[in-house]
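Peer 1: I am attaching a structure below and will ask some questions about it afterwards.
The values are calculated or read from the model by the stated rules, or taken from the named source; none is laboratory data. What you see is a predicted model; the values in this text were computed from it and never measured. Please note: Cβ atoms are built from the backbone with ideal geometry, for glycine as well, and neighbour counts cover all protein chains shown. Surface accessibility is based on the protein's heavy atoms, side chains included, excluding ligands, DNA and RNA. Shrake-Rupley method; radii C 1.70, N 1.55, O 1.52, S 1.80 Å.
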Amino acid sequence: MASTAGKNVKNGPKAALVMGSDSDYPVLKDCIKILKDFGVDTEVLVCSAHRTPDKAARFASEAEANGIEVIIAAAGKAAHLPGVLAAYTTLPVIGVPVKSSTLDGLDALLSIVQMPPGIPVATVAIDGALNAALLAVQILSGAHPELREKMRQYKADMAKKVEQRNDELQKKLQEDGFR
Ligand code: RP5
């Protein structure tokens, strides 16, 4: 008899984080941490639009069938990786421009953000890996509503920290005789 194990079992949220080179990894640690904290199963790999174009095409073409629901793609310099992946899939792609030593990431930002009409890539700030992860969580929360509550909690915690910093600033203003 065929096993029914696994059927009707709701799978958890799944993302992919693709980077153009392992040299991008330090920028992406925040992204990986946030996705882990939110319980998003994340496939992390190096894949280059220029150095391994066949792998990039294959990965993006097969991503949906492999259960991936959102792709974060990070690259520096002539950062074509997010756009190339987006060309091969209908999954949402978030691009992270990575700061390079020569043009401070402006090259990557413009390469990622200036997509032609028809192939959108959601672009975050230069080295904006943390926001890429949060945006991925927000996209995933459409199919995984439990993430929405976690996101609310994340924002509430963040607001609390801002208030603590405001309290500290008020104290300093007083100490410096401005109040
Ligand atoms: C890009 O070129 C990568 O995303 C990386 O940011 C940059 C440099 O790559 P490496 O020469 O360090 O491998 O494709």
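Peer 1: What number of residues within the stretch 51-100 are assigned to a helix (DSSP H, G or I) and either modelled with pLDDT under 95 or within 17 Å of V121 (Cα to Cα) (or both)?
Peer 2: 13
Peer 1: Select from the stretch 86-101 the residues that are within 13 Å of the ligand (Cβ to nearest atom) and in contact (Cβ under 8 Å) with a residue 40 or more places away in the chain and list them in ascending order.
Peer 2: Step one: list which residues in the stretch 86-101 are within 13 Å of the ligand (Cβ to nearest atom), which gives 95-101.
Residues satisfying the conditions are V96, V98, K99.
Peer 1: Which pairs do you get when a residue that is in contact (Cβ under 8 Å) with a residue 40 or more places away in the chain, found in the stretch 105-120, comes within reach of a residue that is away from the ligand (no atom under 16 Å from the Cβ) and open to solvent by 30 Å² or more (accessible area, probe 1.4 Å), reach meaning Cβ atoms under 7 angstrom, with the pair 6+ apart or on two chains?
Peer 2: Partner pairs satisfying both residue conditions: none exist.
Peer 1: To continue, here is another question. What residue, among those in the stretch 30-62 that are under 19 Å from S141 (Cβ atoms) and more than 13 Å from the chain's Cα centre (by Cα), is nearest to the ligand (Cβ to nearest atom)?
Peer 2: My answer is D37.
Peer 1: If P120 satisfies every condition in (1) closer than 30 Å to V46 by Cβ; (2) assigned to a helix (DSSP H, G or I) but one, which is the exception?
Peer 2: Answer for P120: the failing condition is (2).
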